[in-house]
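Rule-based calculations on the coordinates, nothing more; no lab input. What you see is a predicted model; the values in this text were computed from it and never measured. Don't worry about glycine lacking a Cβ; one is built from the backbone with ideal geometry, like all the others, and counts go over all protein chains shown.
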Amino acid sequence: MLDNTAPIAENLNTVRDLIKSHAKAAGRDENDINLLAVSKTKPVSDIVLAYESGQRHFGENYVQEGVDKVLQLKSFQGIIWHFIGPLQSNKSRLVAENFDWMHSLDRLKIAKRINEQRPVFKAPLNCCIQVNIDKEESKAGVLPSEVIDLVASMQTLEKIKIRGLMAIPKASDDKATQKNSFDQMRSLFEQCKQKFSDFDTLSIGMSGDIDVAIECGSTMVRVGTAIFGQRVKTNT
Ligand SMILES: *Cc1c(COP(=O)(O)O)cnc(C)c1O
């Protein structure tokens, strides 16, 4: 009989080993790099398998799909849910009420809505500002030059906590191109850290560029395909 549990557990171990070896190569502490398992489009049963292998941080891109999963897995202790996709303001309440993190914040208007909608009994929503690091027309995120003012404008919002920056660089297999984008993110992150005491998260690196991201200071890699396999839907 086919054993479906093996691949996800094995893939997780492979990714953990990769994080370890790239951290070592970069002279960094492996514990400073968190693994976010991106489970978008994948069934709840896959998340359960990853959970049983010790994974706790999960990332979702689509609001309704994410909320469905959050609710179905309510009884699983210690899961930390990250919303990493684009958000329309009319859906902000669903993120405010159901997630622990949001990596795709790029507008003050949404921050204000979430700040009002976050339940009083929940801790502030941890947020990363999404940066359009390669200034692509098609991509969400603020321009690098706008990041500091935007973060400053959000400092008075008590139910959101700006923890850092996130980026999805332009697709490229070329390591030097990847490094160029990530180096810019690192320098922007360092500038923000000087100014904002809550800053501790640089959310960069996916299945295809995790090595370069760790070399460039990533503290959270968002890995989908390398853990759960190819997705059928190809939205992102
Ligand atoms: C899908 C997605 C990922 C994971 O991408 P993989 O290449 O499958 O590892 C990471 N971050 C964001 C924002 C995504 O949408």
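Filter segment 15-65 down to the residues that are among the polar types (S, T, N, Q), away from the ligand (no atom under 16 Å from the Cβ), over 16 Å from D209 (Cβ atoms) and loosely packed, with under 15 Cβ neighbours inside 10 Å and list them by number. It would help to see each step written out before you state the result.
First, pick out the residues of segment 15-65 that are among the polar types (S, T, N, Q): 21, 31, 34, 39, 41, 45, 53, 55, 61, 64.
From what's left, away from the ligand (no atom under 16 Å from the Cβ): 21, 31, 45, 53.
Filter again for over 16 Å from D209 (Cβ atoms), leaving 31, 45, 53.
Answer for segment 15-65, where residues must be among the polar types (S, T, N, Q), away from the ligand (no atom under 16 Å from the Cβ), over 16 Å from D209 (Cβ atoms) and loosely packed, with under 15 Cβ neighbours inside 10 Å: N31, S45.
Find the residue count for segment 113-142, including only residues that are loosely packed, with under 15 Cβ neighbours inside 10 Å and either more than 21 Å from T219 (Cβ to Cβ) or touching a Gly at 6+ places or on another chain (Cβ under 8 Å) (or both). Quick ask: steps written out before the conclusion?
Within segment 113-142, the first condition is being loosely packed, with under 15 Cβ neighbours inside 10 Å, and the residues that meet it are 116, 119-123, 135-138.
In the following step, the residues that additionally are either more than 21 Å from T219 (Cβ to Cβ) or touching a Gly at 6+ places or on another chain (Cβ under 8 Å) (or both) were identified as 116, 119-122, 135-138.
Within segment 113-142, residues that are loosely packed, with under 15 Cβ neighbours inside 10 Å and either more than 21 Å from T219 (Cβ to Cβ) or touching a Gly at 6+ places or on another chain (Cβ under 8 Å) (or both) number 9.
Among the residues of segment 13-59, how many are closer than 19 Å to G164 by Cβ and in contact (Cβ under 8 Å) with a residue 24 or more places away in the chain? Quick ask: steps written out before the conclusion?
Residues of segment 13-59 closer than 19 Å to G164 by Cβ: 19, 23, 26, 28-38, 56-59.
Next cut, in contact (Cβ under 8 Å) with a residue 24 or more places away in the chain only: 19, 23, 26, 28, 32-38, 56-59.
The total comes to 15.
Please go through (1) exposed (fewer than 14 other Cβ atoms within 10 Å of the Cβ); (2) among the charged types (D, E, K, R); (3) closer than 19 Å to L36 by Cβ for D174 and return the number of the only condition it doesn't satisfy.
The single condition D174 does not satisfy is (3).
Of (1) more than 16 Å from the ligand (Cβ to nearest atom); (2) closer than 16 Å to R16 by Cα; (3) among the hydrophobic types (A, V, I, L, M, F, W, C), C192 satisfies all except one. Which?
Condition not satisfied by C192: (2).
Taking segment 6-52 only, how many residues are of a type in the set (K, R) and assigned to a helix (DSSP H, G or I)? Let's see the steps before the verdict.
Kept after step one, since they are of a type in the set (K, R), are these residues of segment 6-52: 16, 20, 24, 28, 40, 42.
In the following step, the residues that additionally are assigned to a helix (DSSP H, G or I) were identified as 16, 20, 24.
Selection size over segment 6-52: 3.
Any residue in segment 202-216 that is within 19 Å of I148 (Cα to Cα), more than 10 Å from the ligand (Cβ to nearest atom) and in contact with a strand residue (DSSP E or B) (Cβ under 9 Å, 6 or more places away or on another chain)?
First, the residues of segment 202-216 that are within 19 Å of I148 (Cα to Cα): 202-204.
If we keep only those that are more than 10 Å from the ligand (Cβ to nearest atom) as well, we get 202.
Filter again for in contact with a strand residue (DSSP E or B) (Cβ under 9 Å, 6 or more places away or on another chain), leaving 202.
Yes.
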